[in-house]
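A quick write-up on the structure given underneath.
The values are calculated or read from the model by the stated rules, or taken from the named source; none is laboratory data. Not measured: the values here are computed from a predicted model. So basically every Cβ, Gly included, is an ideal-geometry build from the backbone, and we count neighbours across all protein chains shown. For the accessible areas, the whole protein counts, side chains as well, though only heavy atoms, and no ligand, DNA or RNA atoms are used. Shrake-Rupley method; radii C 1.70, N 1.55, O 1.52, S 1.80 Å.
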Amino acid sequence: MSDDETSKFKRRKSGTTLTKTEIADHHLSNFEYYLQERDFGQSFSSLSSALSTLPSLKEAYYSSFLEVFEPWSTAVEEDHGFQEAVKLYKVALKLYPESPDVNYLLAKILYRHGSIYEAWSCACLSHSECTQDPNAQETRGRLANALIDRWHLPMLNDIQRNHSFKCAIEAAVKEGYNKVLDIGSGTNLLSLYAKWAGAKIVYGCETDKFMYEIGKDVLKSNGATEGITIFNLHSHNLSIPSDIPERVSLVVSETLDAGLFGEHILSTLQHAWTHLLLPPPPALQKSDLKQESTSQDLSVEGHIKYGKVIPSSAEVFAALINSKYIANCTKLDDPALIRYFKNKQVFLKLDEPYMSEKLNNIPGGFKMLSEWTPITKVDFNSPNSIDMHLKGLVNQTLGFKCTSEGTVDALALAFKLNLDDTHVISTFPESCAAAWENALYPVSINKSLRVNDIVKIDFSCHGGIIELSVQSDTASGQNMKENLFLSPSAINFLTRKNFLSNFLLGAKEAAVRMKHLSKTTHSYVICDTSPFPIAGLLVISMFPDSKLYVEEESISEVLKEIGIRSKLTDDLEEEVNLLFLWPVTKEGTLQDGIIKKILMYRLMMAEDGIVFPEQLDLVVDAINSPDVVAMTQVDDSNTFGVKVAEVFNIAKTTHHVDVHLDSLPHTSVIPQPLSMLQLSLTTGDVEPLQKLCKQTDKEELLILGGDIVTVLANTKAIQSSVLHAIPYWFIITGGKNSQFSFCTRDTDSPCKQSLLVPDHFYNITKDIPLDIKLIWRDGIFNALIHTGSADT
């Protein structure tokens, strides 16, 4: 024991009180000891005690605190669960309540465990302190996307939609329908239209807590906190008189999707007619589908006695379409691939009966094989009409007459939404201004059609969901044991013929090289992380005694159905001879945790093991595209006097994924795309392909989050314009000994592209220097812009 410690011991024995400095020193000594022993639990406890005792130490020991807090909180979460980990965060936040790093970590753990609303405030605090950090920006962006469905943006920016609803609501209020309920009120746009039209009282209900809070703030921004009452409830949970004193005369609702009824508008209106809305006129109480609404005898002495709904009705149409893009997304028919599946039928596995795409934006376009054929009409002002659709009493088989030759790839759905007798919104591709996408029902079989052929279509609507299918479609008709169902990512990966041919050729080269280098001669360990392990199956066919590992249990189950034994990489305990590492998602981003994955597999590789592909280049462009503005933030010029942007744009999109650049109207504002950096898929190392920048003290970055690489590309503007986004994509190559090279920007790519959207847009002037700085942090990155002219 040192003389100093002996002195402290004697003072404790004699009852003399130690100073706070001495107590803190004791805890710090323990902290250093436990840290050397890699005992993060004890070191965290000791350091927390020291900082609580002597708060003046907090600044000096901030990095040390994070050094032990991150691994210890991770271990506690893994071993003892979420609630125990949260207790540690309470300790950390008591010491460092404004810490961007602690709040960043807390946002991530809350997000993982579904507490998205609570995670949002932590992510915002972290990002506000570290605006340039890729991790802080990415976490905030992911939470924004989780809290607000992105379809809100094109809807709120849809001038035609907003104007039509505004006019229809104004006309109804003018007729005397002045007690209004807005169901699914969201930003309260329709509620404000009703109030400003002269409604006496307006109620709104919104189930989503985050949207409810945004809606309340929109009301404050518009000075409309009186006369509009909003409930954070589903309309089914509203009651009279506890919430609303009496029935309303007008319900407005836009709880609609690409398939019209997918947001349960039928059951919502059924409940509203029964419990919240004045009854319909007698003629509509017993109406059938052919009966039109009537405005006669609606009032007595100026008082409305019957209820009304906006929209009043909808007419639904369908058509047969041909589209190579849809075929690539939905069906596998290449004979060379079918043999891998033992000649079984391979179908797309969808969680919903339809997929959604805006027909006008489909890459490569589409071909109409029939006219738009009416399939049903629903009268939202008739409870009977609503009930018939909910109960499936409108189901029927329809004959579609072919007007063009071709293979039918999908049944497309469009509708006319009649808000009243005057104002109509439609989702036909000809009226491309509408924000709604089209529901597409994949046709699994390759059915070639000739002009005047009649195709029988089964239409059903039960429980409020429209389903369409070609009668001869064998996906459900055959014995299910003879069918295989793959995920959209797997189908998309396997149907890109040029890409897949190139990929399998490179995989075969890698397998031959593996055999040449490997010390073993018969049995190899193959790992395949791609959306479907077709490369792994190729190698197994070459070396039947080999073992195949995959990452997803669903893939292993499919392989089992075709007689291929596989194991999960979670159970991998042997050295890997050949790793097929697919680094990019279908949406055009890097796989989550790609660096961690690379490093993990690196430890598992045999000494002579091979990784394919070997490297990835990150490429960026700079574009002008007004469409990007509508996709990423709200513009108040589109909402007819309602101020939404100031509130809603706190959650605007900064990372827009799943974009087809070929179908996004845009122009490049720089001479050519720029290759920024290269990632080794064998080591995880990053090599700059532009000028390497050193970090400066002015740059606000998290301490946590991995190594930082910053590169700066100097270019210039080729036109005077506004820079709206930085699109990016990847060039993936097999390495020095491989012919494989593939760009995710290619038309035959199984991956789309993504956009980095700056916090604000930039005015640029032709021939003025334009710098793009990319900050990379362990597979997460963002881009910063510097121009030679004034920013917007």
Would you mind counting up the charge near Arg745? Only other residues with Cβ under 12 Å from its Cβ, with Lys and Arg at +1 and Asp and Glu at -1.
-4
Starting from the 7 Å offset along Cα-to-Cβ, what nm value, one decimal, do you get for the label separation of Ser115 and Asp387?
4.6 nm
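Kirkwood Rh, Cα Rg: Rg to Rh for the range 691-742?
Working: Rg = 17.0 Å, Rh = 15.6 Å.
Ratio of gyration radius to Kirkwood radius for the range 691-742: 1.09.
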Return a whole-number percent for the relative contact order of the range 560-663, with Cα pairs under 8 Å and 6 or more residues apart as the contact set.
27 percent
For the range 503-610, what percent of Cα pairs sit more than 25 Å apart?
15 percent
For every other residue with a beta carbon closer than 10 angstrom to the beta carbon of Glu437, add +1 if it is Lys or Arg and -1 if Asp or Glu, then tell me the sum.
-1
In nm, spacing of pseudo-spin labels at Glu700 and Thr225 (7 Å Cα→C-beta vector):
2.9 nm
May I ask you to derive the relative contact order of the range 660-773, considering only C-alpha pairs under 8 Å and at least 6 residues apart, and to give it as an integer percent?
29 percent
Per 5 Å bin, what percent of the C-alpha pairs of the range 576-685 does each bin hold, from zero upward?
2, 9, 14, 15, 13, 12, 10, 9, 6, 4, 2, 1, 1, 0
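With only alpha-carbon atoms in the gyration tensor, what are the semi-axes of the equivalent ellipsoid for the range 309-419, in Å, largest first? Provide the component values of the computation, followed by the final result.
Details: eigenvalues 214, 58, 37 Å².
After scaling each eigenvalue by five and taking roots: 33, 17, 14 Å.
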Estimated distance in nm for a label pair at Lys643 and Ser267, the labels positioned 7 Å out from Cα along Cα-to-Cβ:
3.9 nm
Over its alpha-carbon atoms, the range 186-276 yields an Rg and a Dmax in Å of 13.0, 36
Note: the range 656-792, point scatterers on Cα, Debye, no solvent; log10 I/I(0) at q = 0.11, 0.15, 0.22 Å⁻¹ equals -0.46, -0.87, -1.53
Order of 555-564, 124-133 by packing, highest average Cβ count within 10 Å first?
124-133, 555-564
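Can you sort Lys305, Lys344 by 1.4 Å-probe accessible area, starting with the largest?
Putting Lys305, Lys344 in descending order of accessible area: Lys305, Lys344.
From largest accessible area down, sort Trp372, Trp151; use a 1.4 Å probe on the protein chains. Working shown, then result.
Details: Trp372 45, Trp151 110 Å².
Sorted by accessible area, descending: Trp151, Trp372.
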Sort all Cα-Cα distances of the range 732-792 into consecutive 10 angstrom bins from zero, then give the percent of pairs in each bin up to the one containing the longest distance.
17, 30, 32, 18, 3
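So, R0 is 56 Å and r is the distance between the beta-carbons of Glu246 and Thr403; what FRET efficiency does that work out to, to 0.05? Spell out each step's value before the answer.
Details: r = 53 Å, r/R0 = 0.94.
Efficiency, rounded to the nearest 0.05: 0.60.
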Which of these values of Cα extents along the principal axes in Å was calculated from the structure shown: (1) 119, 89, 44; (2) 142, 105, 39; (3) 101, 74, 58?
(3)
Give, in whole angstrom and from largest to smallest, the semi-axes √(5λ) of the equivalent ellipsoid of the range 180-237, with λ running over the eigenvalues of the Cα gyration tensor.
17, 13, 8
How much accessible area per residue does the range 17-81 have, in Å², with a 1.4 Å probe?
55 Å²
What value, in deg cm²/dmol to 500, does the helix sum -39500 (n - 2.57) over DSSP H runs of n ≥ 4 give at 222 nm once divided by the residues of the chain?
-10000 deg cm²/dmol
Relative contact order for the chain: what percent, with Cα pairs under 8 Å and sequence separation of 6 or more?
11 percent
Sequence of Arg161, Arg565, Arg513 from largest to smallest accessible area, 1.4 Å probe:
Arg565, Arg513, Arg161
Could you pull out the pairs from Lys179/Lys209; Lys367/Lys447; Lys716/Lys736; Lys324/Lys358 whose alpha carbons sit more than 21 Å apart here?
Lys179/Lys209; Lys716/Lys736
Probe radius 1.4 Å, ligands and nucleic acids ignored: give me the carbon and sulfur share of the accessible area of the chain as a rounded percent.
49 percent
